[in-house]
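Structure, as structure tokens:
Readers should treat all values here as calculations from the given coordinates under stated rules, not as data from a laboratory. As the structure is a prediction and not an experimental result, all values here were calculated from the model. Heads up, the Cβs are rebuilt from the backbone with ideal geometry, glycines too, and the neighbour counts pull from every protein chain shown.
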Amino acid sequence: MKDAASSREAKAPLDLNTPRPTVRHRWFRPILALPTPVIFVTAAALAMALLWRGGGLQGVIESVRGIHPIKVGGLLLVYAASLLLLGLRWHTLVRMAGGSPGWASSAEVFLTSVIVNYAAPIGLAVPTRAALTVRDLDMNPGQSGAVVGWEAALDLLVLALISVAWLVLGGLVLLQSMAIDSRFLAIGATAAVLGAIALGVLARSAAIRSRIAPFARRMISSPVEHPLLALLALILTAGFWLIQVGVMAVILEAFGADVAPMLLLGIMGLPMLIGMLSPVPGGAGVREALMAAAARLEGVPAGPVVLAAVAYRLALFVVTPFVWSVIRLASKSPRRR
């Protein structure tokens, strides 16, 4: 009997029907094998390279030279404070999903994932963020997926509200006055059909549903189990985007643009929302082009707006390594909690 069992075990690996769960993650292993600081530095270098290749960076550097250094420093400090808010939001979402790491560890993972998001296409950035959360914060895939899902959902909610406000207050009328090329309408219709087909395939695939179900259940149950943490995450999200609107207003004014509430709503709403959903890393190019289009609709020259959009992105890359370094030192402190 034992010989027969041993024989069956020896033959099992040769059975083509035997599931091999490790194969699914084989492509991702090299990334997970890298320490978090290496991932951060590499992603930051790639993000800066993408920004440089996108053009406009030299113009921003030339323009910034004419701005008072104290004003630039104050703006960067405010930006840094807003990133700390997002780090605390990530920690809040981690706690809401059932994790219990220190806040500094959560914030470090978040800032690393931010840079990855700006350096890699969404198909790589999202799983990297989830995998870093599992690896560094000792969470299971369902919890990690809920954190990543809620983080994106909260930003999408706020940006959707800003977009709706712009449309209701006059943006819709401006859009209706545009002469839209029929080719763009055809592309949009094709994208909608392909999206519907993709959703249908996802809904019918039992394998995909089985992978999505754990974090979907956790995502739905987390705010019900921890309503105060959910409310705190929402407040931190609103606070962050209020600060971002203020930062953009200061940058626009510094580059000579005539700042108005409708202009701020127009460039901080749909351009940010569509850029966030685009497959391009960090929405590079997409966001700036849409901001320029929104400026033209509002009767504002697009040049200063494009410079402001590039400077806004550059500020993120300048501030994030500084905040990440401070948080990493805090996470290594023996007195951290």
Packing-based exposure ordering (other Cβ within 10 Å, fewest first) of 327, 251: 327, 251
With a 10 Å radius around each residue's Cβ, average the other Cβ atoms per peptide and rank 105-113, 304-312, highest first. 105-113, 304-312
Please arrange 226, 68 by how many other C-beta atoms lie within 10 Å of their C-beta, fewest to most. 68, 226
Table column - 3J(HN,Hα) (Hz), the stretch 82-87, Karplus curve with 6.51, -1.76, 1.60, x for Gly and Pro: 5, 5, 5, 4, 5, x
